[in-house]
1. For 102, 94, write out the residues from largest to smallest accessible area, computed with a 1.4 angstrom probe and no ligands counted.
2. Which loop GluC sites (Glu not before Pro) in segment 29-70, with loop taken from DSSP, have no more than 14 other Cβ atoms within 10 angstrom of their Cβ?
3. Report the Cys residues of the chain lacking a disulfide-compatible partner, meaning no second Cys Cβ under 4.7 Å from their Cβ.
4. Let me know the charge dipole size of segment 43-122 about its Cα centre in debye, to the nearest 20, where only the beta-carbon of Lys, Arg (+1) and Asp, Glu (-1) is charged.
5. Would you tell me the accessible area of residue 101, worked out with a 1.4 angstrom probe on the heavy atoms of the protein chains, in Å² to the nearest 10?
6. Which of the lysines could a cross-linker span from residue 43 if the Cα-Cα distance has to be under 24 Å and same-chain partners fewer than 8 positions apart are dropped?
7. Tell me the carbon and sulfur percent of the accessible area for segment 7-61, rounded to whole percent, probe radius 1.4 Å.
8. Skip the ligands, DNA and RNA, and give the accessible area per residue of the chain with a 1.4 Å probe, whole Å².
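The values are calculated or read from the model by the stated rules, or taken from the named source; none is laboratory data. Small disclaimer: the values here were computed from a predicted structure and weren't measured. Every residue, glycine among them, receives a Cβ derived from its backbone with ideal geometry; neighbour counts consider all protein chains shown. To get the accessible areas, we keep the full protein, side chains included, count just its heavy atoms, and leave off ligands, DNA and RNA. Shrake-Rupley method; radii C 1.70, N 1.55, O 1.52, S 1.80 Å.
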Amino acid sequence: QLHLMESGGGSVQPGGSITLSCVVSGREIDKYALGWFRQATGKQREGVAAIDEGNISYGEDMSGRFTISLDSDKNILYLQMNNLRTEDTAKYYCAASRYQFCSLDEPDFVYWGQGTQVTVSS
């Protein structure tokens, strides 16, 4: 089983950028696809991006502004977010899928971090 811990959240002005990090620990980390999800107040959690050994998947309307990456040597998952909008305000979670290949199907993700808050406002 895996443990995940996010960091890097904070307050950002519209149009700004921020990079989130997630430290992944455990055994056979390469057996799990990893991803980012977010949940805004009053809304359902939604998929942001996912990554495996050679594939990346982004949620709708996110591929142009968000970039997911993985430092496999350090087992740190990143989410770089540019041109932030107020609508991006949410608590962001990193998670690990039960499958090796990436997807944004939330039920597939069985290990979760506790989340880090990103607030975009003037």
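1. Of 102, 94, the descending order of accessible area is 102, 94.
2. 53, 60
3. Lacking a cysteine Cβ partner under 4.7 Å: 102.
4. With Lys and Arg at +1 and Asp and Glu at -1, about 300 debye.
5. Rounded to the nearest 10, that gives 130 Å².
6. The reachable lysines, counting only those whose Cα sits under 24 Å from residue 43, are 91.
7. Percent of accessible area from carbon and sulfur atoms in segment 7-61: 39.
8. 55 Å²
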